[in-house]
Amino acid sequence: MEDIRWLQASSFVSFCRQDNVRAMRITWDELDQAAERRTTNSRESLNTTTLLQTVHLNEEEYRDILLGEGDLAKTLSQLPPHLHDFVYDCYKPAHLRKISEADVSKFLTGKPELSDAEIRQKLPLWLQDKLPAFLPRHADTLPPRRAWDHKIELMPGKEPPYFKNRPLSPLELEVVPYLDDVLVYSADKSEHREHVRTIVQKLADAGLQIDINKCEFETVSNPLSRIDNYNKRYTDGP
């Protein structure tokens, strides 16, 4: 940085001190290469747009391609080579399928509720004593369901819902909650089980219900940085 004298300007230094701003050293050759890459990408985009404009197909022909119908050889002869891969994908079996009445019925019906015994079978042995947190029940903190108006008493303060906003605090170093998903991570299996038990109890104390159908226990292996370890049983060590 000592070769760039103008970095001592107070306004630029103030800019670099902002959050998410990082100063880095770069040569003029690197800047020229970056500009050349941007120019090349712009030319490629322009060429693609020009090639697409040369394709003249009516609506029915477009529909046949998307549904994988008609003569494949004839379709390929009407399109430039850079679109052939797209056509081949469209003509693969089961590429697009029309939604049937059975699909709609299955979506609207949903899964049948599990019995208490079935829920217990899905829980690991070390979590059996936390069964009440997984049993379906009506929320006990909401007003009764009735046809007339009712009043909800909130806790006093600037932000009344805050007491339900952070039920897992102060476990931020062991759990990552996002909307209705909770990821628990630990150094080893025994510590992981204790973390899960603590978090399950905190969720139950906050009046929240856990859906056993969306739970996966000890299914992430170590290390987490390897993408091929997805959905594998937890293992100790590297």
Quiz prompt | Criterion violated by N20 - all others in (1) surrounded by 10 or more Cβ atoms within 10 Å (Cβ to Cβ); (2) under 32 Å from the mean Cα position of the chain (by Cα); (3) modelled with pLDDT under 65 satisfied | solution = (1)
Quiz prompt | Selection from the stretch 46-88 of residues that are modelled with pLDDT under 80 and exposed (fewer than 10 other Cβ atoms within 10 Å of the Cβ) | solution = T49, T50, Q53, T54, H56
Quiz item: Restricting attention to the stretch 104-117, does a residue exist that is modelled with pLDDT of 85 or more and assigned to a helix (DSSP H, G or I)?
Solution: yes
Quiz item: So which residues in the stretch 185-238 are of a type in the set (A, V, I, L, M) and at pLDDT 55 or above?
Solution: A187, V196, I199, V200, L203, A204, A206, L208, I210, I212, V220
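The values are calculated or read from the model by the stated rules, or taken from the named source; none is laboratory data. None of the values given here were measured: they were computed from a predicted structure. Note that each Cβ is placed from the backbone with ideal geometry, even for glycine, and that neighbours are counted across all protein chains shown.
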